[in-house]
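Asker: The structure under discussion is supplied below as structure tokens; questions concerning it will follow.
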Amino acid sequence: MKTRTIVVPFVGAAVLALAGFAAWAQVHEEKQVSLDEVPAAVKTTIMRETANGHIKEIEVETADGKSTYEVEFVRDGRTFEIAIAADGSLLSEDNEEKEEQTAEAEEQERKVGEGEVPPAALAALKKLASGAKFTEFSEEIEHGSKFYEGSWKAPTGDNVDALVTAGGDLVEIEQQVPAEQVPAAVLAAVRKQSGPDAALFCEKKTMILYELKFRKDGRRHEVLYAPDGRALEREAEEGDEDE
């Protein structure tokens, strides 16, 4: 028998380690409640924090005899979530606006000249462009790593953007393509949302990822990495099955 743990830490997903599973197992009860069912101190905090908003859901989670009240509400078109202890103290808060501000702070982009691109990155971009003239270069900071992008025109006249690390490792290629080159299944799916007459701007994206496999502590591990070394997905199996 084997057990499998998959962890996917992309744009807001939770990373569940073994300690996280153990903590989850200690939760004895989780249920939805109404505003009138919460303790007076909790209700006071909810009313204060959700002022001028609409409460969507209140959930009480009980672990080791301690209750935490999680409240989801909407205000000015944005969704907020707060956690409140049984004594009414605010434990945490989260909202879409803060997440967007954090993402913007972590991601930066600026136009640069060819001379500002590191030699290894520039050599990689020139190899990808195959002699085409670059239209612009930019420096991007994402997830704490620095990347360089070069843009040029394909022989068809379509825009091409290639993203590489400072060391010259390819991360992603984006190429503008006409709608007729998009797979029929993709077009059918997008037309369900866009309608039959909406103008479409299409890009084909090629992303580079690396899957590494190894054995440790009697388990077989598979980890998916981005070219800058970020682990994007982890998978661990117990057992001695062959690769």
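The values are calculated or read from the model by the stated rules, or taken from the named source; none is laboratory data. Since the structure is predicted, the reported quantities are computational estimates derived from the model, not experimental observations. So basically every Cβ, Gly included, is an ideal-geometry build from the backbone, and we count neighbours across all protein chains shown. The area values use the complete protein model at the heavy-atom level, side chains included, leaving out ligands, DNA and RNA. Shrake-Rupley method; radii C 1.70, N 1.55, O 1.52, S 1.80 Å.
Asker: Under 9 Å by Cβ, and 6 or more places apart or on different chains, what pairs join a residue from the stretch 73-96 that is on the phi > 0 side of the Ramachandran plot with one that is hydroxyl-bearing (S, T, Y)?
Answerer: Listed by first residue and then by second, the contacts come to G88/T44; G88/T45.
Asker: Would you mind stating whether G150 is in contact with a strand residue (DSSP E or B) (Cβ under 7 Å, 6 or more places away or on another chain) and small (G, A, S)?
Answerer: Against the criterion (in contact with a strand residue (DSSP E or B) (Cβ under 7 Å, 6 or more places away or on another chain) and small (G, A, S)), G150 qualifies.
Asker: Moving on. Those residues that are over 19 Å from F147 (Cα atoms) and without any contact (Cβ under 8 Å) to a residue 24 or more places away in the chain, I need them from the stretch 203-223; list them, please.
Answerer: If the condition is that a residue be over 19 Å from F147 (Cα atoms) and without any contact (Cβ under 8 Å) to a residue 24 or more places away in the chain, then E211, L212, F214, R215, K216, D217, G218, R219, R220, H221, E222, V223 are the ones that fit.
Asker: Inside the stretch 192-205, can you point out the residues that are more than 13 Å from V177 (Cα to Cα) and loosely packed, with under 11 Cβ neighbours inside 10 Å?
Answerer: K192, Q193, G195, P196, D197, A198, A199, listed by residue number.
Asker: Being open to solvent by 40 Å² or more (accessible area, probe 1.4 Å), of a type in the set (A, V, I, L, M), closer than 20 Å to E109 by Cα and outside any loop (DSSP other than H, G, I, E, B) is the filter here, so list the residues in the stretch 122-177 that pass it.
Answerer: Listed by number, the residues that qualify are I141, L170, I173.
Asker: Consider the stretch 133-185. How many of its residues are of a type in the set (A, V, I, L, M) and either farther than 21 Å from E114 by Cβ or at pLDDT below 90 (or both)?
Answerer: Residues meeting the conditions: 5.
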